[in-house]
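Only one structure is covered here, and it is reproduced in the block below.
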Amino acid sequence: MASKISDTPRPLPTASSRAPAAKAPPPPENKAKAPDLSWNKDRFETGSTQPLPRLPAPQLPAPLPQLPAPVPQPLPQLPAPVPPPPCQGPVEPTPETPTEPTPNVADSDPMTHIAYLASDELQGRDSPSPGLDAASAYVQAHVEKYGLVGPNVNSPENPFQQRFDVFSFLGNTDENHVHGGEEHKAHKEFGHKLFEEGFYLEEGMPQETLAMLNKKYESAMKAEGQPLTPARNGGLRGVEELRALATESGQAVNTMALLPGSGPHKDEVIVVMAHLDHVGTDRRGNVHNGADDNASGSAVLMAAVPELAEAAKRGELDRSVLFIWTGAEEKGLVGSQYFVDHPIPGLGTEQITGVINVDMVGRWDDQRLSVVDTDRRGQANYFRDVVEQANAQLPDPFDRINRDINMYRDRQDGAVFGRKGEDVLFLFEGLSNPKGGGDLIPEYHEPEDDIDLILRDNGGEKPRRVKDLMVNVIELAANRTTEE
């Protein structure tokens, strides 16, 4: 059993400052028509009427692995998989002199991965969808390239994945995502009310999760003005009763990879996560690419992999690091709940000693970031000191680490782990006021949430700087000393 970490700050190891990873040159423009980005009213300053260029979807670094579950229909015009260009400097390996892959500059740049994950070809990465499956395969190819292992022994056909069925009490979940319309207004109140649409159902699910679903059913019916179907035995509605009241929309996927530690606490795990899904397309056929929400957080995790894999090879990670790209977060934190309720041997809550969740870290200027580093009682956990030290190690530290998003603590995947008593750090791109507070981006859950706006706001520097900060945070958390 792992030693659990209290909220009392402990001394942190001192790590040397790292130079920021070299940035990949921006890809050439390849779209014939870019969106009209001449802003109006008070959303953004009026500028040139020339549209900003859009990054093309990058080429896949290697042929994608075959998914275990059949894709309902072929994904249109996915980029053809080609090998990445060779890095400058290293000698090409030969069969006689095998070498491990050298980290590629583009692989370490979050903008490379945002461009692919937020491309039109992935059709908004809904849960479930062929686009989410393709995104999962893209992530898997990347982590395998750097030697990470698939930890899910409960899924021998593909240990990098964890698949689950998604249900809804409000009919088909896709029909309830009428973006920009009346049905979608509740999602604009981010942080004030939990999504009610999605969940998983299966025999043997934990009693506390079943009780939560009973409350979710009652809340959903009340919101819709529909009568309740009482429980047969006067207590909780069972799985079969709830199944009869729900609609199944298909199977979604969590994607995961393990980077083993090598120190005395190698059996303990730091969980690093981001939701890979977004909300798909609307009834008018508009694609919601979700560049900020949450291609940005997913890409930051991917870009951190090469550097952390190198640190692990040098024996510089005491604890192990488990990466999880969750599915169906937009449906109601379904993927994270399924993971916690289905512990993977050796990766249960007894082994987890910290959780870092990264969501919407692409927009605004590149000198600010918002975090949640408190427990449900509002008490600071050990990540507060970790973040401060990690930021100080950057060559150009963030000017402002805002703590202005506590209202969102229960509206992100880390909350599922927080309910289990885990210390959670939530990294977020911040609200509209540079000094804290304000509103979300106007493009939240709208088709305009695209990579062009990340480039316009900060030239891609925000995701890159968040990646550098997160690598420091992970290394400090993986190597921190605790009382046994």
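The values are calculated or read from the model by the stated rules, or taken from the named source; none is laboratory data. As the structure is a computational prediction, the values presented were derived from the model and not from experiment. Heads up, the Cβs are rebuilt from the backbone with ideal geometry, glycines too, and the neighbour counts pull from every protein chain shown. Note: areas computed on protein heavy atoms with side chains; ligands, DNA, RNA excluded. Shrake-Rupley method; radii C 1.70, N 1.55, O 1.52, S 1.80 Å.
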Does residue 415 satisfy the criteria of being hydrophobic (A, V, I, L, M, F, W, C) and at pLDDT below 95? yes
Residues within region 456-484 that are over 22 Å from residue 400 (Cβ atoms) and out of contact with any helix residue (DSSP H, G or I) (no Cβ under 8 Å at 6 or more places or on another chain), tallied: 6
Residues of region 410-467 being of a type in the set (Asp, Glu) and within 17 Å of residue 369 (Cα to Cα), which ones? 429, 439, 457, 461
Regarding region 378-387, can at least one residue be identified that is open to solvent by 40 Å² or more (accessible area, probe 1.4 Å) and either closer than 28 Å to residue 464 by Cβ or among the charged types (D, E, K, R) (or both)? yes
Which listed residue is over 16 Å from the mean Cα position of the chain (by Cα), under 19 Å from residue 269 (Cα atoms) and surrounded by fewer than 19 Cβ atoms within 10 Å (Cβ to Cβ), from 459, 421: 421
Touching a residue at least 24 places away in the same chain (Cβ under 8 Å), in contact with a strand residue (DSSP E or B) (Cβ under 6 Å, 6 or more places away or on another chain) and of a type in the set (Lys, Arg): is that true of residue 125 in this structure? no
Would a scan of region 389-397 turn up a residue that is open to solvent by less than 30 Å² (accessible area, probe 1.4 Å) and either assigned to a helix (DSSP H, G or I) or hydroxyl-bearing (Ser, Thr, Tyr) (or both)? yes
Listed by first then second residue, the pairs whose first member lies in region 287-302 and is over 12 Å from residue 324 (Cα atoms) and in contact (Cβ under 8 Å) with a residue 60 or more places away in the chain, whose partner is assigned to a helix (DSSP H, G or I) and open to solvent by 10 Å² or more (accessible area, probe 1.4 Å), with beta carbons under 6 Å and at least 6 positions apart or on separate chains, are 287/120
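Restricting region 362-388 to residues that are in a strand (DSSP E or B) and of a type in the set (Val, Ile, Thr), which is farthest from residue 291 (Cα to Cα)?
374
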Take residue 360 and tell me if it is at positive phi and either touching a residue at least 40 places away in the same chain (Cβ under 8 Å) or among the hydrophobic types (A, V, I, L, M, F, W, C) (or both). yes
Residues of region 232-260 being under 18 Å from residue 201 (Cβ atoms) and hydroxyl-bearing (Ser, Thr, Tyr), in sequence order, are 247, 249
Of everything in region 314-370, what is aromatic (Phe, Trp, Tyr) and out of contact with any strand residue (DSSP E or B) (no Cβ under 7 Å at 6 or more places or on another chain)? Give them in sequence order. 364
Filter result (in contact with a Gly (Cβ under 7 Å, 6 or more places away or on another chain) and of a type in the set (A, V, I, L, M)) within region 444-484: 454, 477, 478
